[in-house]
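Presented below is the structure to which this report refers.
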Amino acid sequence: MSLTHCDLLIDGQRIAGVGTSFNVINPANESIMSSGRMASTEQLDQAVAAARRAFNTWRTTTDAERTALLHKIADSIEDNADELARIIVQEQGKPMFLAQMEVGGAVAWTRYNADLEIPVNVIEDSEHKRIEGHRKPLGVVASITPWNWPLMIAIWHIIPALRTGNTIVCKPSGLTPVNTLRLVEIINEILPAGVVNLVTGERAIGEAISRHSDIDKVIFTGSTPTGQHIMSNAAGNLKRLTLELGGNDAAIVLPGTNVDSVAEAIFNTAFVNMGQTCAALKRLYVHESLYDSLCIKLAAIADAQVVGDGLAEGTTFGPIQNANQFKRICELVDDAKAQGGRILCGGEPMAGKGYLYPPTIVADISKGVRLVDEEQFGPALPVIRYNNLDDAIRMANDCEYGLGGSVWGPDTAEAELIAHQLECGTVWINNHAEVLPHAPFGGSKMSGLGVEFGTDGLLEYTQLQVVNINK
Ligand code: NAD
């Protein structure tokens, strides 16, 4: 199926958008990989109406039927894995091995959610009364996704919504819509028309979704300011919201840590997907006793990366996804240099076409420098020295975000005591950025509202109905 035209998919049919035209750019070389026109608000209305019609029957399918259909979707994603991975590399930029991991993750998440039970909670069962808590689908769910892990995040939204009996309208990022269009096509080969629909567009269509009176829930993954817009726009019909927003995750490396044994994992969890990962390690606090040795080790790992087009053999580090983000990373690193930051590796964009920027590690900076204070969401890591653990904990928590955090050290009991003091939705010990289909994940503070994954995440797509039976 041609993907050079990025269409909409409404009620089982691919149709062209009639709004503003747009191009999808390959960030490795700035060529146009696909183009299309955004959906108009009338086309959004059509997609929502199709999802509403489909809801009437989809909601009546049994758990067993939905489980079987979701496994069929997982089979079909597996069958189309090569094509999906190639599309991801071309529009998102990540190296092929990461794109394959993304497709593999999409399959794993689909299968896990397919098999999840929707619990009925028995609240009272006495001689005269039985009270049960049942979970009902909400209706039409809208999914708004970002450009960093576009296929994986679409799956995180779509599959639990389907499992619980909802129908969906997806709006992928206008920067990376093609993989999601292909995914929705694959799903439409298996599910009835209208159950999963897709519209293209950016801010205007996102706002129309948030305000739409016939959408019951928005599941959104993206930046905090956009999440705030959605929340205020969603008030009209009290939409249910799950908001997975920005982060500026701190990691604390304790004295006594074996630098050789943690450096690789610290590098990988900071620079995963070129640092464009919500829960990547974004501020590294290192005790002064091992500061220099860890910096040297991290810089050596960074220097060994092969930066280039994700489709090229041997590439380990791809481009930044888009021109704005590329410009932002250039600015943040330049500002850090101007503030006295010591560049240990990288520090300049690569010459030529494409948004290529090598992994960059900046030492000798601290709070007050933008690279520390703001979410960089790219391949530049600040390393901050500390000598007092209480200071490190205070600096880690001195942040509006609260997505993830981590503590690294040889004594897990000691690390755990510190972990409990970090203000974040997930805290890892001797790891970071690991998300799993069975472990709930969500942000505290300005990093979000609600959780995804596991039964807790699944239930966010449902309304509790209490059934009170007088026997
Ligand atoms: P973004 O907020 O700019 O865009 C995300 C999506 O929202 C896109 O589809 C965009 O078209 C849409 N949008 C833009 N304006 C809108 C509006 N006013 N109303 C409704 N929708 C609108 O974010 P991004 O740049 O695509 O992604 C990067 C951000 O996402 C980072 O802050 C990152 O931390 C965050 N993120 C968070 C998680 C998480 O799980 N917490 C995961 C991935 C990314």
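Structure above, values below:
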| read-out | value |
| --- | --- |
| Residue within the stretch 228-242 that is within 16 Å of the ligand (Cβ to nearest atom), closer than 30 Å to THR41 by Cα and of a type in the set (D, E, K, R) present | yes |
| Some residue of the stretch 160-167 being within 16 Å of the ligand (Cβ to nearest atom), modelled with pLDDT of 95 or more, of a type in the set (A, V, I, L, M, F, W, C) and in contact with a helix residue (DSSP H, G or I) (Cβ under 8 Å, 6 or more places away or on another chain) | no |
| Residue within the stretch 103-122 that is closer than 24 Å to VAL199 by Cα and basic (Lys, Arg) present | no |
| Matching residues, the stretch 262-279, being within 16 Å of the ligand (Cβ to nearest atom) and either in contact with a His (Cβ under 8 Å, 6 or more places away or on another chain) or not assigned by TED's automatic domain parsing to the domain that holds ASP303 (or both) | THR269, ALA270, ALA279 |
| Of all residues making up the stretch 98-137, the number that are free of Cβ contacts under 8 Å to residues at least 12 places away in the same chain and more than 16 Å from the ligand (Cβ to nearest atom) | 4 |
| Close pairs from the stretch 419-441: first at pLDDT 95 or above, partner surrounded by fewer than 16 Cβ atoms within 10 Å (Cβ to Cβ), Cβ under 6 Å, at least 6 apart | GLU423/ASN397; ILE429/THR412; PRO440/ASP456 |
| Scan of the stretch 397-412 for residues that are outside any strand (DSSP E or B) and either in contact with a Phe, Trp or Tyr (Cβ under 9 Å, 6 or more places away or on another chain) or within 16 Å of the ligand (Cβ to nearest atom) (or both), ordered by number | CYS399, GLU400, LEU403 |
| Strands (runs of 3 or more DSSP E) contained entirely in the stretch 215-323, each with at least 2 residues that are under 30 Å from GLN90 (Cα atoms) and not hydrophobic (A, V, I, L, M, F, W, C) | 240-244, 281-287 |
| Filter result for the condition that a residue is out of contact with any Lys or Arg (no Cβ under 8 Å at 6 or more places or on another chain), farther than 12 Å from GLY247 by Cβ and in a loop (DSSP other than H, G, I, E, B), over GLU416, GLU434 | GLU434 |
| Members of the stretch 206-224 that are more than 6 Å from the ligand (Cβ to nearest atom), buried (at least 24 other Cβ atoms within 10 Å of the Cβ) and among the β-branched types (Val, Ile, Thr) | ILE209, ILE215, VAL218, ILE219 |
| For ILE418: the one exception among (1) surrounded by fewer than 17 Cβ atoms within 10 Å (Cβ to Cβ); (2) over 30 Å from LYS327 (Cβ atoms) | (1) |
| Search result, residues across the stretch 233-248 that are in contact (Cβ under 8 Å) with a residue 40 or more places away in the chain, of a type in the set (A, V, I, L, M) and either surrounded by fewer than 17 Cβ atoms within 10 Å (Cβ to Cβ) or farther than 25 Å from ALA396 by Cα (or both) | LEU241 |
| Residue list for the stretch 353-388, filter: within 15 Å of the ligand (Cβ to nearest atom) and among the aromatic types (Phe, Trp, Tyr) | TYR355, PHE377 |
| From the options ALA204, ALA114, residue that is within 23 Å of PHE453 (Cα to Cα) and over 18 Å from the mean Cα position of the chain (by Cα) | ALA114 |
| Filter pass, ILE230 being buried (at least 20 other Cβ atoms within 10 Å of the Cβ) and at pLDDT 95 or above | yes |
| Any hit, the stretch 138-147, residues being more than 14 Å from the ligand (Cβ to nearest atom) and crowded, with 24+ Cβ neighbours inside 10 Å | yes |
| Residue in the stretch 175-188 that is more than 10 Å from the ligand (Cβ to nearest atom), within 25 Å of LEU238 (Cβ to Cβ) and either of a type in the set (A, V, I, L, M, F, W, C) or outside the structural domain of ASP75 (by TED's automatic domain parsing) (or both) present | no |
| Matching entry among ILE365, ILE393, ILE343 (being of a type in the set (Val, Ile, Thr), assigned to a loop (DSSP other than H, G, I, E, B), at pLDDT 95 or above and in the same structural domain as GLU264 (by TED's automatic domain parsing)) | ILE365 |
| Any chance SER366 is touching a residue at least 24 places away in the same chain (Cβ under 8 Å), touching a Phe, Trp or Tyr at 6+ places or on another chain (Cβ under 6 Å) and buried (at least 16 other Cβ atoms within 10 Å of the Cβ) | no |
| Residue that is surrounded by the fewest Cβ atoms within 10 Å (Cβ to Cβ), among those in the stretch 453-469 that are assigned to a helix (DSSP H, G or I) and in contact with a strand residue (DSSP E or B) (Cβ under 8 Å, 6 or more places away or on another chain) | LEU459 |
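The values are calculated or read from the model by the stated rules, or taken from the named source; none is laboratory data. From a predicted model like this one, the values you see are computed outputs, not experimental measurements. Neighbour counts run over all protein chains shown; Cβ positions are idealised from the backbone, glycine included.
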